[in-house]
1. Quick check on the chain: helices-only [θ] at 222 nm, where DSSP H runs of length 4 and up contribute -39,500 (n - 2.57) each and the sum goes over total residues. Nearest 500, please.
2. Got the relative contact order for the chain handy, in percent, Cα pairs under 8 Å and 6 or more residues apart?
3. Can you tell me the 0 to 90 degree angle between the C-alpha axis of helix 290-302 and the longest principal axis of the chain, rounded to 10?
4. May I ask you to derive the FRET efficiency for LEU189 and GLU240 from their Cβ-Cβ distance with R0 = 25 Å, giving the value to the nearest 0.05?
5. Could you do me a favour and compute the accessible area per residue for the chain, 1.4 Å probe, result in Å²?
6. If DNA, RNA and ligands are ignored and the probe is 1.4 Å, what is the ranking of HIS217, HIS245, HIS291 by accessible area, most exposed first?
7. With 18 Å as the limit, write out which pairs from LYS103/LYS276; LYS200/LYS295; LYS176/LYS312; LYS103/LYS127; LYS266/LYS312; LYS103/LYS266 have Cα-Cα distances beyond it, or answer none.
8. What percentage of the solvent-accessible surface of the chain, computed with a 1.4 Å probe over protein heavy atoms, is contributed by carbon and sulfur atoms?
Amino acid sequence: MKVLFIGGTGNISRSVSLACIERGIDLHLLTRGTRHVDIPGAQVVQGDIYRQDDVRALLEGSRWDSVVDWIAYTEEDIIRDIGLFRGKTGQFVFISSASAYQKPPVHPLITESTPLCNPFWEYSRNKIACEERLNRAYRDEGFPITIVRPSLTYDTVIPVAIGGWTEYTVIERITKGQPIIVHGDGSSLWTVTHAEDFAKGFVGLLGHPQTIGEAFHITSDETLTWNQIYWAVAQAAGREPHLVHISSDFIAACEESLRGSLLGDKSCSVIFDNSKVRRIVPDFKATIPFHLGIKRTLAWFDADPARKIVRKETHEMMDRILQAYLKE
Ligand SMILES: NC(=O)c1ccc[n+]([C@@H]2O[C@H](COP(=O)([O-])OP(=O)(O)OC[C@H]3O[C@@H](n4cnc5c(N)ncnc54)[C@H](OP(=O)(O)O)[C@@H]3O)[C@@H](O)[C@H]2O)c1
């Protein structure tokens, strides 16, 4: 199989790239080359997807079995992709987001038939608009779409709601014994998936004829509370966390930038039903429990101190919320 990734060296896509190479896929990665990530065996095409004419020239004359856009976020990105890849690929995979599922959910068990509706988070509404545009292209002209919706998926990021992700601030707070904020009472249910587990499900979807026109999520089957997630992170850092529980509404009222990601995603209890992906990829099974996966992630940060980005603004934001809460 000949496969093109737009992206492919990122937090999720790096593991998928490695899994593709392991499967013997002829993998081409279109990236700007700003990060030094080694994917031995992949052909790197240096380019910026937002420079459409350059990309068209770079890809001229090529045809793929699958094209995966890891970094499409708006309907405009999708319109560009349909223009670039119409007639040139047997499958076009759009990386959407499980945050697109109905929020708050009327039922915690999430299947691919759960409605897509998120009044809280613009990021998710844009992903929904992308999916709708692609579904139209499939219906109207047979554009061979497959939609994949990751939920919180980590490898080189710290998967917590406040103070983590690409930054290390939450770990610094934990190691210094400073309070960290947990939304709600920490008992809502969530799933965190290691990118290597995600990759096992994803590669089985590539080139599979029964995926065309379909959407899939791919997650771990491990259901955790947020308290368990924060404890696992702290224990991987060798500490006990000082958790302060604050309602998501209160946090969002203090810090508007957290509203979407909390009320439109992480504050809602969800349990993912992965039976659809398993119908296509019968051996898909996530095997990396969070308390072990997060140790690997922290070891990745330890391997290069430059990765440990601590932001003063994030410390200040967390302190501001904590002070406002303690004054209540
Ligand atoms: N992780 C999660 O929990 C989660 C959950 C739901 C959905 N998602 C979705 O997953 C996707 C992110 O995948 P990821 O983690 O692999 O991404 P990522 O860590 O953001 O990596 C981005 C990749 O795209 C390349 N890139 C960035 N800008 C580019 C440009 N203008 N032209 C060409 N290449 C470019 C980067 O390489 P260079 O910098 O070298 O160009 C890198 O390979 C997003 O669509 C996101 O919405 C993630």
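The values are calculated or read from the model by the stated rules, or taken from the named source; none is laboratory data. Keep in mind that this is a model prediction, so the values were computed, not measured. Glycine also receives a Cβ, built like all others from the backbone with ideal geometry; neighbour counts cover every protein chain displayed. Accessible surface areas use protein heavy atoms only, side chains included; no ligands, DNA or RNA. Shrake-Rupley method; radii C 1.70, N 1.55, O 1.52, S 1.80 Å.
1. Numbers: 11 runs with 120 residues, N = 328.
Helix-only estimate at 222 nm: -11000 deg cm²/dmol.
2. Values: 629 pairs, mean separation 60.9, N = 328.
Computed value for the chain: 19 percent relative contact order.
3. The angle comes out at about 90 degrees.
4. 0.65
5. Working: 14430 Å² over 328 residues.
On a per-residue basis, 44 Å².
6. Details: HIS217 0, HIS245 65, HIS291 95 Å².
Ranked from most to least accessible, the order is HIS291, HIS245, HIS217.
7. LYS103/LYS276; LYS200/LYS295; LYS266/LYS312
8. 49 percent
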